[in-house]
Amino acid sequence: MKTFIERFGGAMRGVLHGFDRIRFRGTRRFLANVAGMMNFLWHRQVLLKDFRAYAGEMTAVVRQAAEATALRQGRPVEYLHNSVMDKEAWARKLAQRDGIEQGLIGVLKAVECCRSYEVGPNRAAKKLELRSKPSKCLHYYHYFMDPQVGLTYVRLQTWFPFTVHVGMNGREWLARQMDRIGLGYRRRDNCFPWIDDWSRAQQLLDEQLQTDWPGLLNRLLGQANDALDIIDPGQPTPYYWSMDEGEWASDLAFGSAKTLAELAPRLFRHAWLNFGSGDVMRFLGSKTVTAQGPHGNFEGEVVSDLKRRVEGTRIKHRLGGNWIKMYDKQGSVLRVETVINQTRDMKVFRTKEGDDEADPSWQKLRKGVADIHRRAQISQAANERYVEALASVDDSRSLAELAQAVCQPVVWHGKRHRALNPLATEDGRLVEAVNRGEFAINGFRNANLRDLLYAKPASDEAEQRRRSAAISRKLRLLRAHGLIQKIPKTNRYQLSPHGRDVINALLAARQASTAKFAA
């Protein structure tokens, strides 16, 4: 987001990048699938016809222990009758009322959806079988005020496979870190309009990535319920921790609410009108881009929606289970946020799981906490691409000033190059081609433009060379006008910051109607 900061940095106080809301999932992997569960029951000598009674006994023990933890500490246990209740607000209000600065605040219990097991008949095999299925059961929410991470909760499923969720907020955690070292700040909700030292605050956010995640999460789980070890006594199998959902937020704090109020409508309008599905795929790093177009072989759905709420405006772009969104917070903070729920198309450079002696290679990104660093890198890159694409939204120069340079001949490397006529068909197609969203990640080559600017494949090798030479001349023309630049040590090109400003303005002019110009 270098170009954005260069342009609007004078009106900004600082920038922060890091996790906002985080939800971890804890599973005992041998209980998380039917085969493992069957093996577990075999070792416990539990018949399938007795499974429901056995599971009920385990559930009763876990529920008793969950409530006993609260009763020992004199904290309330309340049943949640309304599913739309704000649990976090309930916990904060209770902590403030009772003056709780550390320890258990209270426990909420509610019947919620989960995935569990049932035993039913297999008519073909004429025997009982264990099945995994969506279900509902009682869940306990233990809310804590933790000295390290602040307000956090542990959500415990009280039926097999006893899945656990732990939720926390990276910005709440940052506030604790800044309090510890005496760094001044102003906080509103979960953002910071002002910090005494933004670079030091960013260092503290970066330190969160160095956390011993299993140690932290196991400690929080142990405080909530110490009865889970009865499931497999002797040598309890540790929980496998994965990041179920992580919101990686880039906060751009402006000096005043008035400044952001003037700029934000133009940013949201630009994102709504100009960011197509190919751009969203580019922001989220999708590699499914081919010469046939920005979608390539992608068969999913890309959705953008814009909402105006009391708190402010929010635009959200969703690609499958992942999304990137932008919204204004607390008057003077613009937040761009990437959420990654599906990691199967992403890669991390590591050794194969279970083979630490092998050479590292690009492997599939896991949701486990071991790959949090890479997940943060991917999310940060998405935020940067998004903000960089917004950098051209507000340019005080007129269209005539922007177009003047490219609409005149120039001399580059001692040779004269003709003027561009971006409103004409040929030059208009050229600037549209180099501005395509899929080229912002890895740039474009001569061959990419040939595929876009020529409707039919070359009939022979001579025609292929002729087309290649013609595209090379067009590339030199764009370089002469400063619209594109060569990526060092490659045969690829990308738009220059100046080129992005000029081309976006010219393309907007090409697509605008006379009524829009008059307005």
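Every number here is computed from the coordinates shown, using simple stated rules; none is lab data. Bear in mind the structure is a predicted one, so any value in this text is a computation, not a measurement. Cβ atoms come from the backbone with ideal geometry, glycine included; neighbour counts cover every protein chain shown.
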>> Just to be sure I understand the model, the point goes 7 Å from the Cα along the line to the Cβ. What's the resulting Leu423 to Lys258 distance in nm?
In response: 3.8 nm
> What nm distance separates the two modelled labels at Asn491 and Thr514, each placed 7 Å from Cα along Cα→Cβ?
Replying inline: 4.7 nm
>> What do you get for the angle between helix 372-390 and the principal long axis of the chain? Use alpha-carbon atoms, 0 to 90 degrees, nearest ten.
In response: 40 degrees
> Given a Förster distance of 60 angstrom, what is the FRET efficiency for Thr27 paired with Tyr454, based on the Cβ-Cβ distance and rounded to 0.05?
Replying inline: 0.70
> Given 0.36 nm per residue, what is the gain on full extension from Ile230 to Ala53 after removing their alpha carbon distance, in nm?
Replying inline: 62.1 nm
> Glu245's amide H: which non-local residues (gap 5+, or another chain) put their own amide H closer than 5 Å, with H modeled 1.01 Å from N in plane and none for Pro or chain starts?
Replying inline: Arg23
> When the chain is fully extended, how far beyond the present Cα-Cα distance does Asp359 get from Lys93, taking 0.36 nm per residue of separation?
Replying inline: 90.6 nm
> Residues in the stretch 362-379 near a label at Asp206, defined as backbone nitrogen under 16 Å from the 7 Å Cα→Cβ point?
Replying inline: 373-374, 376-378
> Which angle between 0 and 90 degrees, to the nearest 10, do you get for helix 51-72 versus the longest principal axis of the chain when only C-alpha atoms count?
Replying inline: 90 degrees
> Quick one: Debye curve from the C-alpha atoms of the stretch 399-518, no solvent, what's log10 I(q)/I(0) at q = 0.11, 0.16, 0.21 Å⁻¹?
Replying inline: -0.39, -0.80, -1.29
> Got a sec to turn the phi values of the stretch 317-333 into Karplus ³J(HN,Hα) couplings, 6.51 cos²θ - 1.76 cosθ + 1.60 with θ = phi - 60°, whole Hz, x for Gly and Pro?
Replying inline: 10, 10, 10, x, x, 10, 7, 10, 9, 9, 7, 9, 10, 6, x, 10, 10
> Quick one: Karplus J couplings for the stretch 126-135, per residue in order, coefficients 6.51, -1.76, 1.60, θ = phi - 60°, nearest Hz, x for Gly and Pro?
Replying inline: 6, 7, 6, 9, 8, 10, 8, 7, x, 8
> Taking only Cα atoms, what is the 0 to 90° angle, nearest 10, from helix 497-511's long axis to the longest principal axis of the chain?
Replying inline: 80 degrees
>> Taking amide H atoms as placed 1.01 Å from N in the peptide plane, list the residues 5 or more away in sequence, or in a different chain, whose amide H sits under 5 Å from that of Thr351.
In response: Ser361
>> Just to be sure I understand the curve: with the Debye formula and one point per C-alpha of the chain, what is log10 I(q)/I(0) at q = 0.10, 0.11 Å⁻¹?
In response: -0.94, -1.07
> Say a paramagnetic label sat at a point 7 Å from the Cα of Gln223, along Cα to Cβ; which residues of the stretch 1-41 have their backbone N under 16 Å from it?
Replying inline: 24
> Sorting Leu420, Leu217 on the 10 Å Cβ count, fewest up front, what's the list?
Replying inline: Leu217, Leu420
>> Students often get this wrong: which residues of the stretch 199-231 have the backbone nitrogen under 19 Å from the point 7 angstrom along Cα-to-C-beta of Tyr185?
In response: 199-212
>> 7 Å from Cα along Cα→Cβ at both Val111 and Arg176: what's the point-to-point distance in nm?
In response: 3.5 nm
> Which of the peptides 31-37, 168-174 is most tightly packed, and how do the rest follow, going by the mean number of other Cβ atoms within 10 Å of each residue?
Replying inline: 168-174, 31-37
